[in-house]
1. With springs connecting C-alpha atoms under 10 Å apart, model chain A as a Gaussian network and identify which of A:45, A:67, A:54 has the largest mean-square fluctuation.
2. Of A:20, A:35, A:50, which is the most mobile in a GNM of chain A whose springs link Cα atoms less than 10 angstrom apart?
3. Which FRET efficiency value, to the nearest 0.05, do you get for residue B:133 and residue A:39 by plugging their Cβ-Cβ distance into 1/(1 + (r/R0)^6) with R0 = 25 Å?
4. Under a crude label model (7 Å from the Cα following the beta-carbon direction), how far is residue B:55 from residue B:150 in nanometres?
5. Give me the extension gain from residue B:80 to residue B:41: residue separation times 0.36 nm, minus the current Cα-Cα distance, reported in nm with one decimal.
6. Report the residue, chosen from A:22, A:38, A:65, that carries the largest GNM mean-square fluctuation when chain A is represented by alpha-carbon nodes joined by springs under 10 Å.
7. Using the count of nearby Cβ atoms within 10 Å as a rough guide to exposure, how do A:88, A:61, B:43 rank from fewest to most?
8. Can you give me the Cα centroid spacing of region B:120-161 and region A:1-79 in angstrom?
């Protein structure tokens, strides 16, 4: 199965700009389906971006983050060719992880 | 396409599918996940279940936030679709360690908060759901103090209903 995370990281002038798109339903627990049953909450709780084993960004998400969440952040101290690890875990214990190379 | 070529094509697809499945269920990705799955045990359940902006800030950071004009928020003033509202926050405040996004009229105000370690710029862009026309509040922790900025978004179609 393809990874649920799509990442693009670009280094420019010492600052790395990272854009990540995760495929996830992000159900809030407030929405009902067509039969009137509440769709249980199912959302990503924590997403981390690590560079050389150190977290450079940690997102703590609640159910109010949109479906298929998008995140952009910027950090210093990385260079072109470095590898980043992006991982998430949701409220049902599912998780995924991917690596990306800074361009 | 001749029938024979079609057979070959299908066979190839099947092979690729099996290989993909083997990879997906195999040892390699599992090991990666086990090694890097983030720890959600610190996730602040209570803060994410608190209605009201000020109460949530108090619950999350244990302090009150003062208004600041050094926080730049970039978001639409009118959102056609409340399910996807792009919100960007940037600040010129020094020594930022955290950024939080709150939606005042959502059932639970806190939408997301971000840990900003040293070396990471105080910038974040995220997409949020909001139920109705509401204030969006950005909270920035700078030098251990909390600052906030507010902007109103007019939502024409809510993002939390069915």
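1. The residue with the greatest mean-square fluctuation here is A:54.
2. Among A:20, A:35, A:50, the largest mean-square fluctuation in the Gaussian network model of chain A belongs to A:35.
3. Values: r = 24 Å, r/R0 = 0.98.
Calculated value: 0.55.
4. 1.7
5. Details: separation 39, 0.36 × 39 = 14.04 nm, distance 3.58 nm.
Stretched out fully, the residue B:80 to residue B:41 stretch lengthens by 10.5 nm.
6. So, out of A:22, A:38, A:65, the one fluctuating most is A:38.
7. Working: A:88 25, A:61 30, B:43 16.
Placing the least packed residue first, the sequence is B:43, A:88, A:61.
8. Here the answer is 16 Å between Cα centres.
Taken together, the values in this text are just the output of simple stated rules run on the coordinates, not laboratory data. All of these numbers come straight from a predicted model, not from anything done at the bench. Virtual Cβ from ideal backbone geometry, glycine too; neighbours counted across all protein chains shown.
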